[in-house]
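What follows is a short report on a single structure.
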Amino acid sequence: MESHTAGERHEATQRQADRRTFLGYVIAAVGAFITTAVGIPTVGSLILPALRPRQPNWVTAGEVSDFPTGQPKSVTVTVSSKDGWIEQSEAKGIWVIKHAEDSFTVFNGRCVHLGCAYSWQQGQNEFICPCHGGRYSLDGKVLGGPPPRALDTLQWRVDQGKLVVQYQDFRLGVSQKEEA
């Protein structure tokens with residue numbers, strides 16, 4: 001039977017404690033590395049979509065040949081939007097007036113007063129909003145009623161024989177055209 005002195009036992013216990021401390025530091029360092037390696041991309045993927053600016057929403061309104069010259073035509077377009085992590089599609093109304101093969105006026109389909117859908121009245125030769133009696137000329141100018149400004153125009157382009165429109169909504173009830 002071998003006998004150990006108190007000093008030898010203390011030294012053995014101290015070495016064992018030093019190994020435990022060292023292993024604890026190694027485990028903590030590996031855990032911190034893994035947490036950082038996985039955590040930063042995860043947090044980034046959760047936060048960045050909410051910080052991205054909205055992209056212009058270009059939608060196809062139809063073939064150029066589908067629009068009669070000089071006559072307003074109502075078109076429903078499907079607008080996709082992404083807000084952070086939520087992606088949705090909505091049907092939105094626009095009015096298209098073709099002046100020539102490569103010249104159009106495109107109006108947002110909402111009345112600038114409170115956002116109601118308006119319609120073209122052929123017999124009266126004007127757009128009329130049924131909600132509060134807003135009236136607009138063929139070029140979108142206010143003829144009567146409470147609308148504070150002309151109809152909101154939208155940007156457009158012709159791409160391979162199709163009319164493509166940048167759909168956007170604007171603030172309602174204000175005298176200046178401002179993005180919503």
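The values are calculated or read from the model by the stated rules, or taken from the named source; none is laboratory data. These figures come from a predicted structure and were not determined experimentally. No Cβ is skipped: glycine too gets one built from the backbone with ideal geometry, and neighbour counts run over all protein chains shown.
Pairs needed: first member in the range 130-152, more than 20 Å from His99 (Cβ to Cβ); second member anywhere, of a type in the set (Val, Ile, Thr) and surrounded by fewer than 15 Cβ atoms within 10 Å (Cβ to Cβ); C-beta distance under 9 Å; at least 6 residues apart or different chains.
Sorted first by the residue in the range 130-152, then by its partner, the pairs are Pro148/Val174; Arg149/Val174.
Please report, ordered by residue number, the strands (runs of 3 or more DSSP E) entirely within the range 67-160 with at least 1 residues that are under 17 Å from Val174 (Cα atoms) and of a type outside the set (Lys, Arg). Let's see the steps before the verdict.
Values: elements: 73-83, 86-100, 103-108, 119-121, 126-128, 142-144, 155-159.
Qualifying strands (runs of 3 or more DSSP E): 103-108, 142-144.
For the range 148-161, state whether one or more residues are at pLDDT 95 or above, out of contact with any strand residue (DSSP E or B) (no Cβ under 6 Å at 6 or more places or on another chain) and farther than 28 Å from Ser80 by Cα.
yes
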